[in-house]
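Encoded as structure tokens, the structure appears first; notes follow it.
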């Protein structure tokens with residue numbers, strides 16, 4: 001469907017397929033690019049403290065290294081990570097990029113935010129009647145049959161408030177019970193037992209339940225999610241052919257007579273999305289423009305707004321996207337900014353107020369806010 005953006009709406013440049021992005025002209029801008037390059041390229045402190053080879057290291061920092069065997073065992077592949085790299089876009093054009101921005105790399109929980117995009121497509125297609133519909137109305141494979149699970153809605157899964165109880169791909173939900181992420185979060189009780197509450201009444205960052213969302217979407221589309229993402233999002237926005245989304249060795253199900261692999265919403269236990277910084281930037285630009293790429297609508301406009309609407313139980317979390325309510329997530333940055341975050345740290349950050357996008361890979365977790373603040377201040 002062709003779309004014409006009205007006066008006052010976001011008017012971005014949209015790069016064609018390939019790597020020939022137009023550069024942002026700073027001649028009529030206050031952006032201090034030279035200082036920005038110096039601050040980022042010469043700051044070794046921005047580099048992630050994670051090992052470069054997680055397989056050789058034997059664990060994932062902050063995740064499997066604090067889990068008990070056998071639940072800490074990998075189910076999918078890890079690939080050696082790259083070095084710190086990233087790009088900055090203004091009006092869709094490249095202001096500055098550094099490092100290997102075309103390198104395919106693990107992205108961890110940014111995959112969750114991609115699942116949110118696919119959910120919006122499923123609703124738009126009529127495969128899901130409403131975000132507040134019961135998942136069990138669509139998914140009949142048994143995961144939502146119990147008393148604890150039968151009242152779970154799609155919103156609960158997207159806001160991480162489902163309180164789903166069970167085991168998926170050999171991983172019990174207990175692994176991530178009490179897991180908390182975000183500003184001032186206390187994650188010290190991750191994996192400790194607590195009594196479950198009713199769905200929609202407790203926020204918890206639980207990767208088992210996000211993987212359940214991925215499986216539920218697989219049953220909904222009745223096709224592998226990487227196929228859907230490629231056809232409905234990545235190809236229309238001109239992404240490369242090199243990104244992949246891998247599942248686990250045991251995450252196969254039968255759908256309509258064929259064996260299909262379910263994919264995870266991250267790389268906690270291996271697998272997940274491997275993608276370049278510049279492909280991430282294309283997805284960010286699509287979301288920033290409320291689902292429109294050039295003159296074509298790809299994602300529902302209302303859904304792109306819903307992604308960054310604060311949830312009731314966590315004002316810093318929308319629908320598997322992080323938001324900057326009260327500037328608590330990213331101090332010094334616009335309260336309207338939002339993004340996708342993966343361990344390591346990998347980040348997609350969007351500031352609609354300044355028409356600004358940042359994609360950064362393998363940033364020291366303690367330096368993320370400083371990096372974004374440096375970029376924001378370079379405009380002033």
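The values are calculated or read from the model by the stated rules, or taken from the named source; none is laboratory data. Computed from a predicted structure; not experimentally measured. Neighbour counts are summed over all protein chains in view; Cβ atoms, including those assigned to glycine, are modelled from backbone coordinates with ideal geometry.
Whenever a residue of region 56-77 is touching a residue at least 40 places away in the same chain (Cβ under 8 Å) and at positive phi, its partners that are part of a loop (DSSP other than H, G, I, E, B) and surrounded by fewer than 16 Cβ atoms within 10 Å (Cβ to Cβ), lying with C-beta atoms within less than 9 angstrom and at least six residues away or across chains, give the pairs 62/187.
Going through region 141-159 one residue at a time, which ones are in contact (Cβ under 8 Å) with a residue 24 or more places away in the chain and not in a helix (DSSP H, G or I)?
141, 143, 148, 149, 151, 152, 153
Taking the conditions (1) out of contact with any helix residue (DSSP H, G or I) (no Cβ under 9 Å at 6 or more places or on another chain); (2) on the phi < 0 side of the Ramachandran plot; (3) without any contact (Cβ under 8 Å) to a residue 24 or more places away in the chain in turn, residue 296 satisfies each one other than (3). Within region 202-222, if we keep just the residues that are touching a residue at least 60 places away in the same chain (Cβ under 8 Å) and assigned to a loop (DSSP other than H, G, I, E, B), the residue that is farthest from residue 120 (Cα to Cα) turns out to be 202. Would you pick out the residues in region 166-189 that are part of a loop (DSSP other than H, G, I, E, B) and either closer than 29 Å to residue 335 by Cα or touching a strand residue (DSSP E or B) at 6+ places or on another chain (Cβ under 9 Å) (or both)? Passing the criteria: 166, 178, 179, 180, 181, 182, 183, 184, 185, 186, 187, 188. Given the criterion touching a strand residue (DSSP E or B) at 6+ places or on another chain (Cβ under 7 Å), within 30 Å of residue 278 (Cβ to Cβ) and either surrounded by 15 or more Cβ atoms within 10 Å (Cβ to Cβ) or free of Cβ contacts under 8 Å to residues at least 60 places away in the same chain (or both), identify the matching residue among 124, 100. Within the list 124, 100, the selection yields 100. Applying the set (1) touching a helix residue (DSSP H, G or I) at 6+ places or on another chain (Cβ under 9 Å); (2) modelled with pLDDT of 95 or more; (3) surrounded by fewer than 17 Cβ atoms within 10 Å (Cβ to Cβ) to residue 343 leaves exactly one unmet item: (3). Restricting attention to region 291-328, the residues being surrounded by 15 or more Cβ atoms within 10 Å (Cβ to Cβ), in a loop (DSSP other than H, G, I, E, B) and either out of contact with any strand residue (DSSP E or B) (no Cβ under 9 Å at 6 or more places or on another chain) or modelled with pLDDT under 95 (or both) number 4. Out of the residues in region 221-235 that are in contact with a strand residue (DSSP E or B) (Cβ under 8 Å, 6 or more places away or on another chain) and crowded, with 17+ Cβ neighbours inside 10 Å, state the one that is nearest to residue 291 (Cα to Cα). Taking the candidates together, the pick is 229.
Just one residue in the set 82, 91, 58 is out of contact with any helix residue (DSSP H, G or I) (no Cβ under 6 Å at 6 or more places or on another chain) and modelled with pLDDT of 95 or more; that residue is 82. Within region 337-380, being in a loop (DSSP other than H, G, I, E, B), over 17 Å from residue 266 (Cβ atoms) and in contact with a strand residue (DSSP E or B) (Cβ under 7 Å, 6 or more places away or on another chain) holds for 337, 355, 364.
Consider region 41-89. How many of its residues are outside any loop (DSSP other than H, G, I, E, B) and in contact with a strand residue (DSSP E or B) (Cβ under 6 Å, 6 or more places away or on another chain)?
Qualifying residue count for the region: 7.
Would you point out the residue of region 249-290, among those that are assigned to a loop (DSSP other than H, G, I, E, B), in contact (Cβ under 8 Å) with a residue 24 or more places away in the chain and surrounded by fewer than 22 Cβ atoms within 10 Å (Cβ to Cβ), that is nearest to the chain's Cα centre (by Cα)? Here the answer is 290.
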